[in-house]
Ligand SMILES: [Zn+2]
């Protein structure tokens, strides 16, 4: 394997030489080309690109047309589209949610104090006095000898848990991964684990650092509908209700019971923490509006020459939030950065592959999954129903939230340390005079938050890499202010618009060239990228 790796590196260096086929093809990637795509994808005409809406039809047809224009073939048996059978559930909480103990009653309003949704395809969910149980971080992790559910019977009860994992709060890198979030820290994991224990409901105590975002994000999610892959059991393997408590309401609940959240968090960080009943209960009622429908993944392939059954894949989700709550007179959630710029990134990479005079031996796929924003639904469905099995899919390069801030000195790798892809990215970054760096905010668990994770889950080495920390022109501080501005004022809000006067797409063009270079290297070699042996995904590739 080492030997192949050496050959690949040699090939990468050689092919990047001036005048080479690869170098020529790579010049097809430009800021202008990116702008053409994103000006469309982020425009009001695409209506916020929400699954099941008119905006979906417009978006998927546009993407298929663009794949065709750049010279790709349909990926799904002559079809550009893969139908993804889904359920849309829109949950409405009836009246107040009440927390009752012997001494007092507390009324909470959704979505301001508590952000509730129900993932079950059942129209009326009525919860009467379900006992609240505090289960620490809600983690069962045998490798850390931790079981927050040990000794607890939570069947039919409501589990209250903390976000993230103990590593974040203790910075102890021998217990979990220090400040870097493990999958145990993700809300999706906590919902899954509570359901495995038969809980009726699960509530996460919101905390901005641990969640990686403000309470406004789950609050908004509670007001928009949720999407799931259709299952035969009405999703009864999930809890009846799931949700978040705002920091303020959590404090209110716990202080009435004689606790405070900070102390509880501290004690939950202990290795020998034990959960306990809060001797209080929750009552609520939810109406679910359920719609069965199917959404669409879009993909194109450029077939390889001698090893066409092997493939590398570039992904960028197409979906966003459609029309929603008005802010500053704007109700269209255009998602120009989330994820218009990344779709443009993928299409520009595709252009370069199609422009090669000598086709790579291996196939290249560009996949635009649906419903990423709803829990990676489209990419999960794709990996369960793939065109190329996991054993023949060498690598996934995904992007999301590519900010138009101009050329960057860094290449920030989210999930750094997981696989061989890091070394290849580093070579390509060096060629551009850039340095690679681990995502400094790895506590937010970004590696588990976009479509590459669906590929990682089935064992395919996956990368999420972009310049995000140091502008070549304006330095680190400026970049951090700009990133913060986006995350605070535009992320998942109607203000995520295409702004040609303010945008500089040169950095995204450079990111695209880099991802093309690495993909070119893999697609023209026999190299088989591996996970590092300590990665939690090292042994997942089974088919
Ligand atoms: Zn996104």
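The values are calculated or read from the model by the stated rules, or taken from the named source; none is laboratory data. Note that the coordinates shown come from a computational prediction; the quantities given were computed from them, not determined experimentally. Glycine gets a Cβ as well: all are built from the backbone with ideal geometry, and neighbour counts include every protein chain shown.
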Residue in segment 97-106 that is farther than 30 Å from residue 256 by Cβ and crowded, with 23+ Cβ neighbours inside 10 Å present:
no
Are any of the residues in segment 419-440 assigned by TED's automatic domain parsing to the domain that holds residue 517, within 16 Å of the ligand (Cβ to nearest atom) and modelled with pLDDT under 95?
yes
State which residue is farthest from the chain's Cα centre (by Cα) when the search covers only segment 354-376 and only residues that are part of a strand (DSSP E or B) and more than 16 Å from the ligand (Cβ to nearest atom).
362
Would a scan of segment 337-353 turn up a residue that is more than 16 Å from the ligand (Cβ to nearest atom), more than 30 Å from residue 11 (Cα to Cα) and out of contact with any helix residue (DSSP H, G or I) (no Cβ under 8 Å at 6 or more places or on another chain)?
no
Note on segment 383-395: residues farther than 21 Å from residue 525 by Cβ, out of contact with any helix residue (DSSP H, G or I) (no Cβ under 7 Å at 6 or more places or on another chain) and either within 16 Å of the ligand (Cβ to nearest atom) or in a helix (DSSP H, G or I) (or both) are 384
Return yes when residue 169 is in contact with a helix residue (DSSP H, G or I) (Cβ under 8 Å, 6 or more places away or on another chain) and under 25 Å from residue 237 (Cα atoms) and no when it is not.
no
Which of (1) in a helix (DSSP H, G or I); (2) touching a helix residue (DSSP H, G or I) at 6+ places or on another chain (Cβ under 8 Å); (3) within 28 Å of residue 523 (Cβ to Cβ); (4) free of Cβ contacts under 8 Å to residues at least 60 places away in the same chain is the odd one out, the single condition residue 17 does not satisfy?
(1)
Write out, first by first residue and then by second, each pair whose Cβ atoms fall under 6 Å of each other, whose residues are 6+ apart or on separate chains, and whose first residue, in segment 95-108, is farther than 22 Å from residue 287 by Cβ and in the same structural domain as residue 251 (by TED's automatic domain parsing) while the second is surrounded by 14 or more Cβ atoms within 10 Å (Cβ to Cβ) and at pLDDT 95 or above.
101/280; 105/98; 106/99
Does residue 456 satisfy being more than 16 Å from the ligand (Cβ to nearest atom), in contact (Cβ under 8 Å) with a residue 60 or more places away in the chain, assigned to a helix (DSSP H, G or I) and under 13 Å from residue 515 (Cβ atoms)?
no
Find the residue count for segment 110-131, including only residues that are touching a helix residue (DSSP H, G or I) at 6+ places or on another chain (Cβ under 8 Å) and either without any contact (Cβ under 8 Å) to a residue 12 or more places away in the chain or assigned to a strand (DSSP E or B) (or both).
4
Looking only at residues that are within 16 Å of the ligand (Cβ to nearest atom) and assigned to a helix (DSSP H, G or I) in segment 441-451, which one is farthest from residue 520 (Cα to Cα)?
444
Of all residues in segment 303-317, which are outside any loop (DSSP other than H, G, I, E, B) and crowded, with 19+ Cβ neighbours inside 10 Å?
310, 311, 312, 313, 314, 315
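Conditions tested, residue by residue: (1) in contact (Cβ under 8 Å) with a residue 12 or more places away in the chain; (2) within 19 Å of residue 449 (Cα to Cα).
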site	(1), (2)
133	yes, no
143	no, no
151	yes, no
155	yes, no
159	yes, no
170	yes, no
176	yes, yes
180	yes, yes
Check whether at least one residue in segment 61-81 is surrounded by 13 or more Cβ atoms within 10 Å (Cβ to Cβ), over 25 Å from residue 403 (Cα atoms) and modelled with pLDDT under 95, and report yes or no.
no
Would a scan of segment 473-492 turn up a residue that is farther than 18 Å from residue 371 by Cβ, over 17 Å from the mean Cα position of the chain (by Cα) and surrounded by 21 or more Cβ atoms within 10 Å (Cβ to Cβ)?
yes
